[in-house]
Amino acid sequence: MSEIQISTPHDAFELLLAGNQRFVTGTSEHPNQDAARRAETAPSQQPFAVLFGCSDSRLAAEIIFDRGLGDLFVVRTAGHVMGPEVLGSIEFGVEVLGCPLVVILGHDSCGAVGAACAALEDGMTPAGYVRDVVERVTPSVLAARAAGRIEPDEVLAEHVRHTADLLLDRSRVLADKVAAGRTAVVGLRYRLADGTAELVASRGLEAAGMSAS
């Protein structure tokens, strides 16, 4: 399969959703996963989206969105929490590789979100660097509770939205590109049982008629 030609955030988002739909219905095509694609992408890469997701082993991006080599620039951390390395990686995907779409991928039954909720309830936080992950998720949980959102799916959606806003607040490179209409940031909530990815946050796709809170 030849190099994908994607010029707009909307086109990139539609391509991503189409792949997820194939995965959900069991009709995955497994594009760009052969020796020819390997040889084609060896000299350079032109991914159509940056995917910033949770490190959970059940969230393999190329599988759940039915993509292949050179399609997605993937950055993953537990609970999709971010630090300078994450911000730099995402900016690289947008600024250097020219990706028109940044996707934040959260999922139900997220251990990091669950641990943050538990820490607020019983006052006990994990040891080591896991504590740092939990502390970075905690503001999202607090914001959800302040808005009366206490169900697990609601808390997760709030964490995805908070991540999108935090990303744009911290990265001037990305914020400028979104403002100019050259890049969009979307947040998806993935359901482990059925494989669906639902839009819960949209920053930059509104003009195309696709919006989320």
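The values are calculated or read from the model by the stated rules, or taken from the named source; none is laboratory data. No experiment lies behind these values; they were computed from the predicted model shown. Don't worry about glycine lacking a Cβ; one is built from the backbone with ideal geometry, like all the others, and counts go over all protein chains shown. For the accessible areas, the whole protein counts, side chains as well, though only heavy atoms, and no ligand, DNA or RNA atoms are used. Shrake-Rupley method; radii C 1.70, N 1.55, O 1.52, S 1.80 Å.
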| How many residues, within the stretch 117-139, are in contact with a Leu (Cβ under 9 Å, 6 or more places away or on another chain) and either more than 17 Å from residue 83 (Cβ to Cβ) or open to solvent by less than 50 Å² (accessible area, probe 1.4 Å) (or both)? | 2
| said: Could you check the stretch 28-71 and list, in sequence order, the residues that are under 11 Å from the mean Cα position of the chain (by Cα) and under 24 Å from residue 11 (Cβ atoms)? | reply: 49, 50, 51, 52, 53, 59, 61
| query | Taking the stretch 48-85 as the search range and keeping residues that are among the acidic types (Asp, Glu) and in a loop (DSSP other than H, G, I, E, B), which one is most open to solvent (accessible area, probe 1.4 Å)? | reply | 56
| message | Just to verify a result, which residue in the stretch 183-207, among those that are open to solvent by 50 Å² or more (accessible area, probe 1.4 Å) and at pLDDT 95 or above, is farthest from residue 109 (Cα to Cα)? | response | 198
| field | helices (runs of 4 or more DSSP H) lying entirely in the stretch 100-170 (those with 3 or more residues that are on the phi < 0 side of the Ramachandran plot and more than 21 Å from the chain's Cα centre (by Cα)) | value | 111-122, 130-146
| remark: Checked pairs for the stretch 21-46, first among the small types (Gly, Ala, Ser) and open to solvent by less than 80 Å² (accessible area, probe 1.4 Å), second modelled with pLDDT of 95 or more and in a loop (DSSP other than H, G, I, E, B), C-beta under 8 Å and 6 or more apart or across chains, list as 28/66
| Residues that are among the small types (Gly, Ala, Ser), surrounded by fewer than 23 Cβ atoms within 10 Å (Cβ to Cβ) and within 17 Å of residue 9 (Cα to Cα), drawn from the stretch 86-112 | 98
